[in-house]
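Trainee: Quick one: this structure, given as structure tokens, is what I'll be asking you about.
The values are calculated or read from the model by the stated rules, or taken from the named source; none is laboratory data. In this text the structure is predicted, and so the values were computed from the model without any measurement. Quick reminder, even Gly has a Cβ in these numbers, built from the backbone with ideal geometry, and neighbours come from all protein chains shown.
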Amino acid sequence: MVNTLIPDEKAIMTYVSSFYHCFLGMHKAETAANRICRVLQANRDNEKLMEDYENLASDLLSWIKRWMPWLSNRSNDNTLDDIKKKLDDFRQYRTHEKPPRIEEKGKLETLFNTLQTRLRLSNRPAFCPKDGHLIKDINGAWKGLESSEKGFEDWLISEMIRLERLDHLAEKFRRKCELYEEWVAGKEAYLRSNDFRSSNVYQIKALRKRHEAFESDLQAHEERVQQISSICRQLNEMRYPKIGPINDKCQQIVDQWNRLNSLSVERRQRLEEIEKITERLDNLHLEFAKKAAPFNNWIDSVLREDLVDMLIVHDMSTIEQLLKTHNHFKSTMPDAEHGYESLLDFDRQMQH
């Protein structure tokens, strides 16, 4: 047709038709190629989303697994400082560790839903993550994390309250022990002393009165010892971490208190016994003095007067008078001897 000067209409239509069919085939091929490219790109994008999902799920589950032991730890050997440190760590976890993971969890759910929508629109099978990476698995692990988190927070608060109360009780225990030790200083030495030796009956009575006052004071302090024992029991029941020295101190005070009571009873008994002995000795001394006075007068009279008088005799009447006087002296000897024996008996009683 190119070499024809004036082509006819039919030839032109045939030529145009051939070009049309030629270009139409080329357009269909290009369209098909574009479609294939889009499908391949969509597959690559979906695979990338699947890979991102699996990586994000693995990372989130690993993070949950890493924190679960710490949040599940409920050890009972903590001090107040330990709990305060854990509370600070928990706040750090809440404000810095967890928020990014909340975003990751939301991103993971969005990614899963987006991926399933893309696959459904492209008539592809639904995405099935590997075992343990399903959204329900993620939600289950997250729910377990939040449950442990809530339990850990409640435990921290209760432990804080418990340990603060324990510290208060321990301080109260120390104060009461200090007051008791201030009061008890020197008491054992006083109760063991023999200050009643060489004391007269009036001094013994004064010592006994003083001891009665001590026993009243001892009884008044019994309540403090009972309070010390009660606080010690509470500290044991509430699992006070440093209970060893508390128990030792309490046992020491209770043992000392029992010793004080025993020593107090012994001292009271000794004082009562000594008082009786001293009163008896005083009575014996009094009786001895009463009986010794006449005997001493008789001895003085005999030794200094009757037996040492010069005998001047001029007649029989004088001799008779002297004999009569001597016979009277001899008649007083039995009474004097009886008085002497009585004095010896008093002396023996006073010696014993």
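Trainee: State yes or no: is Leu111 more than 30 Å from Tyr93 (Cα to Cα) and surrounded by 16 or more Cβ atoms within 10 Å (Cβ to Cβ)?
Mentor: no
Trainee: Moving on. Assuming Leu169 fulfils every condition listed in (1) more than 21 Å from Asp77 (Cβ to Cβ); (2) surrounded by 12 or more Cβ atoms within 10 Å (Cβ to Cβ) apart from one, which condition is it?
Mentor: Of the numbered conditions (1) more than 21 Å from Asp77 (Cβ to Cβ); (2) surrounded by 12 or more Cβ atoms within 10 Å (Cβ to Cβ), the odd one out for Leu169 is (1).
Trainee: Now, a different point. For the condition in the same structural domain as Ser230 (by TED's automatic domain parsing) and either under 24 Å from Ile231 (Cβ atoms) or not acidic (Asp, Glu) (or both), what is the one hit in Tyr180, Tyr190?
Mentor: Tyr190
Trainee: I've got another one for you. Consider segment 262-279. How many of its residues are loosely packed, with under 15 Cβ neighbours inside 10 Å and polar (S, T, N, Q)?
Mentor: 2
Trainee: If I filter segment 142-154 down to residues being crowded, with 16+ Cβ neighbours inside 10 Å and not charged (D, E, K, R), which single residue comes out as farthest from Lys86 (Cα to Cα)?
Mentor: The qualifying residue farthest from Lys86 (Cα to Cα) is Trp142.
Trainee: Asn34: more than 60 Å from the chain's Cα centre (by Cα), farther than 30 Å from Ser158 by Cβ and either modelled with pLDDT of 85 or more or surrounded by 10 or more Cβ atoms within 10 Å (Cβ to Cβ) (or both), yes or no?
Mentor: Here the answer is yes, as Asn34 does meet what is asked.
Trainee: Count, please, the residues in segment 63-88 that happen to be surrounded by 13 or more Cβ atoms within 10 Å (Cβ to Cβ) and within 14 Å of Trp142 (Cβ to Cβ).
Mentor: The qualifying residues number 5.
Trainee: Any idea which residue in segment 132-141 is nearest to Trp257 (Cα to Cα), counting only those that are modelled with pLDDT of 90 or more and surrounded by 18 or more Cβ atoms within 10 Å (Cβ to Cβ)?
Mentor: Ala141
Trainee: With respect to the numbered conditions (1) modelled with pLDDT under 90; (2) assigned to a helix (DSSP H, G or I), which one is the sole condition not fulfilled by Asp309?
Mentor: (2)
Trainee: What helices (runs of 4 or more DSSP H), lying completely within segment 166-261, carry at least 1 residues that are under 12 Å from the mean Cα position of the chain (by Cα)?
Mentor: Once the helices (runs of 4 or more DSSP H) in segment 166-261 are filtered for at least 1 residues that are under 12 Å from the mean Cα position of the chain (by Cα), what remains is 222-237.
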